[in-house]
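The values are calculated or read from the model by the stated rules, or taken from the named source; none is laboratory data. Since this is a predicted model, take the numbers as computed values, not measurements. Ideal geometry is used to build each Cβ from the backbone, glycine not excepted, and the neighbour counts take in all protein chains shown.
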Amino acid sequence: MRRFVSYGPALVVFVTVLLVLALAPAAVKQVQLAGMSATVMQAQARLDQQASLLEQLNQATRDVADAVLPGIVHIQVRAQVAQSQEEGGGRRFSGPRASAAGWFYNTDGFIVTNSHVVADAEMVRVETYDGRVREAQVVGSDPRTDIAVIRVPDLTNTLPLRRATGQAVFVGDRVFAFGSPFGIKFSMSQGIVSGLGRSEAASLVGMRSGYTNFIQTDAAMNPGNSGGPLVDARGRVIGMSTAIANNVEYSFNDRSPQGQSAGIGFAIPIETIESVVSQLMESNVVIRGHLGIALRDYPSPFDVRGESSYEGVGAMVREVRPNGPAAKSGLQAGDIIIEVAGQPCLNQDVLRSVVSIRGPATVIPMKVWRGGEPLTIRATIGSAYFGTNERGEEDLIYIEGSEGMTMAQVREKLKGLSATKRLD
């Protein structure tokens with residue numbers, strides 16, 4: 001009897017396998033697409049639910065811009081240059097134009113910027129946010145803090161910026177930098193406060209003395225940001241851009257071709273700005289708080305273990321001026337100052353900066369390490385100014401007895417000095 005073999009079921013299975021192999025990739029893609037579509041829809045739903053929070057953040061940032069930008073000016077400077085050396089010459093040639101920024105300090109046309117921006121300026125021209133262009137006069141300049149004041153006397157309807165006077169600044173605070181990077185006017189960048197009490201950049205950017213207590217920020221600063229304000233989340237000025245650092249060097253951020261943002265920028269704190277600006281608007285002599293001590297950082301870079309039982313950082317008093325403010329307050333050689341006016345004394349530049357912005361007769365608490373234990377000294381600040389000493393050299397000159405005077409009395413005492421001796 002013959003056997004009949006049926007191939008029907010096998011054929012069905014075979015065809016089914018072929019169809020599955022042919023359609024599987026499309027099916028898998030459909031499944032993946034469905035999954036991605038579900039993920040997108042869920043994300044969009046969450047964004048819609050959170051939109052109010054995100055929009056509030058956006059609106060807050062826009063409000064900072066709206067509050068600050070009308071108080072900014074774009075600055076162009078034409079520098080003085082040497083006389084022509086051509087035979088029969090004697091002609092003066094204009095130097096290159098530098099681009100920077102500044103901001104209105106008050107409604108009387110006074111504008112704050114950096115000292116290095118207007119140094120050797122032949123012409124200073126400002127442009128306001130609403131497009132008005134005027135030539136400005138240099139009122140005064142303090143190279144030791146890199147602060148200058150310029151003025152446009154006939155400029156009306158100005159909107160000075162709010163200042164965060166007396167407000168503490170903390171690492172991690174959100175901040176915004178304004179200026180004219182690479183000549184792009186009225187620009188804004190965002191970042192955080194990356195560090196406080198920074199003095200590393202001072203000597204490398206040519207500042208002549210250590211009156212520095214920089215705020216470090218990662219808000220983008222580039223050539224042209226010099227003189228622009230650094231503001232907090234409420235649009236209040238907490239500092240002024242002055243220098244940046246990259247992998248080559250520190251530099252004034254509008255004077256070096258290498259000075260491009262690398263996430264490390266420095267700003268002068270508002271307390272220093274207010275102290276210097278108020279004096280520059282009144283006189284070109286900057287009177288500084290003075291203790292009459294010589295300092296060195298503790299521990300020194302070459303003495304990791306230090307010279308006492310104190311383990312930490314501070315400023316060591318090397319010498320105390322006889323009958324000066326520090327001596328009268330009880331400071332002694334060998335004291336390590338570890339805290340000043342309620343803030344850590346990271347190094348001698350921080351101490352000098354904190355003291356220099358205080359007026360005469362101001363009393364500040366200082367925590368010092370002496371004889372193996374901490375103690376608190378209340379130091380009364382005197383006053384000093386940079387002038388010419390008996391040897392004809394530029395020097396910081398202490399005003400005798402100033403720790404018992406008012407600022408008005410100190411300025412009255414300076415009136416008798418010659419103009420050459422008074423100029424800072």
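If a residue has to be touching a Phe, Trp or Tyr at 6+ places or on another chain (Cβ under 8 Å) and among the charged types (D, E, K, R) to count, how many in the range 268-298 make the cut?
From the range 268-298, those touching a Phe, Trp or Tyr at 6+ places or on another chain (Cβ under 8 Å) are 268-269, 272, 277, 281, 285-288, 290, 292, 298; that's our starting set.
Still in the running and among the charged types (D, E, K, R): 288.
Selection size over the range 268-298: 1.
What pairs can you find where one residue is in the range 319-335 and within 14 Å of Ser402 (Cα to Cα), the other is of a type in the set (Ser, Thr, Tyr) and at pLDDT below 90, and their Cβ atoms are less than 7 Å apart, with a gap of 6+ or different chains?
So the pair list comes out as Gly324/Tyr398.
With the requirement that a residue be of a type outside the set (D, E, K, R), within 25 Å of Gln343 (Cα to Cα) and outside any strand (DSSP E or B), what does the range 161-187 give you?
Ala164, Thr165, Gly166, Gln167, Ala168, Val169, Phe170, Val171, Gly172
Give Ser94, Ser99 a once-over and let me know the one that is at pLDDT below 90, of a type outside the set (Phe, Trp, Tyr), exposed (fewer than 14 other Cβ atoms within 10 Å of the Cβ) and over 17 Å from the mean Cα position of the chain (by Cα). Break it down into steps so the answer makes sense when it comes.
Values: Ser99 fails: exposed (fewer than 14 other Cβ atoms within 10 Å of the Cβ).
Criteria check complete, one pass: Ser94.
Would you pick out the residues in the range 115-160 that are outside any strand (DSSP E or B), under 18 Å from the mean Cα position of the chain (by Cα) and in contact (Cβ under 8 Å) with a residue 60 or more places away in the chain?
His116, Val117, Pro143, Arg144, Thr145, Asp146
Quick check on the range 168-227: of everything there that is modelled with pLDDT of 85 or more and β-branched (Val, Ile, Thr), which residue is surrounded by the most Cβ atoms within 10 Å (Cβ to Cβ)? Steps first, answer last, please.
Quick first cut of the range 168-227, residues modelled with pLDDT of 85 or more only: 168-196, 214-227.
Now narrow it down to the ones that are β-branched (Val, Ile, Thr): 169, 171, 175, 184, 192-193, 215, 217.
Numbers: Val169: 18, Val171: 11, Val175: 25, Ile184: 12, Ile192: 14, Val193: 22, Ile215: 26, Thr217: 29.
The qualifying residue surrounded by the most Cβ atoms within 10 Å (Cβ to Cβ) is Thr217.
Could you figure out which of (1) among the hydroxyl-bearing types (Ser, Thr, Tyr); (2) in contact (Cβ under 8 Å) with a residue 40 or more places away in the chain; (3) assigned to a loop (DSSP other than H, G, I, E, B) isn't true of Ser275?
(3)
Restricting the range 398-412 to residues that are in contact with a Gly (Cβ under 9 Å, 6 or more places away or on another chain) and not in a loop (DSSP other than H, G, I, E, B), which is farthest from Pro360 (Cα to Cα)? Steps first, answer last, please.
Within the range 398-412, the subset in contact with a Gly (Cβ under 9 Å, 6 or more places away or on another chain) is 398-407, 410.
If we keep only those that are not in a loop (DSSP other than H, G, I, E, B) as well, we get 398, 402-404, 407, 410.
Working: Tyr398: 11, Ser402: 6, Glu403: 5, Gly404: 7, Met407: 6, Val410: 8 Å.
That would be Tyr398.
The conditions are (1) in contact (Cβ under 8 Å) with a residue 12 or more places away in the chain; (2) among the acidic types (Asp, Glu); (3) part of a strand (DSSP E or B), and Asp395 fails exactly one of them. Which is it?
(1)
Tell me which of these Arg352 doesn't satisfy, since it passes every other one: (1) within 28 Å of the chain's Cα centre (by Cα); (2) in a strand (DSSP E or B).
For Arg352, the exception is condition (2).
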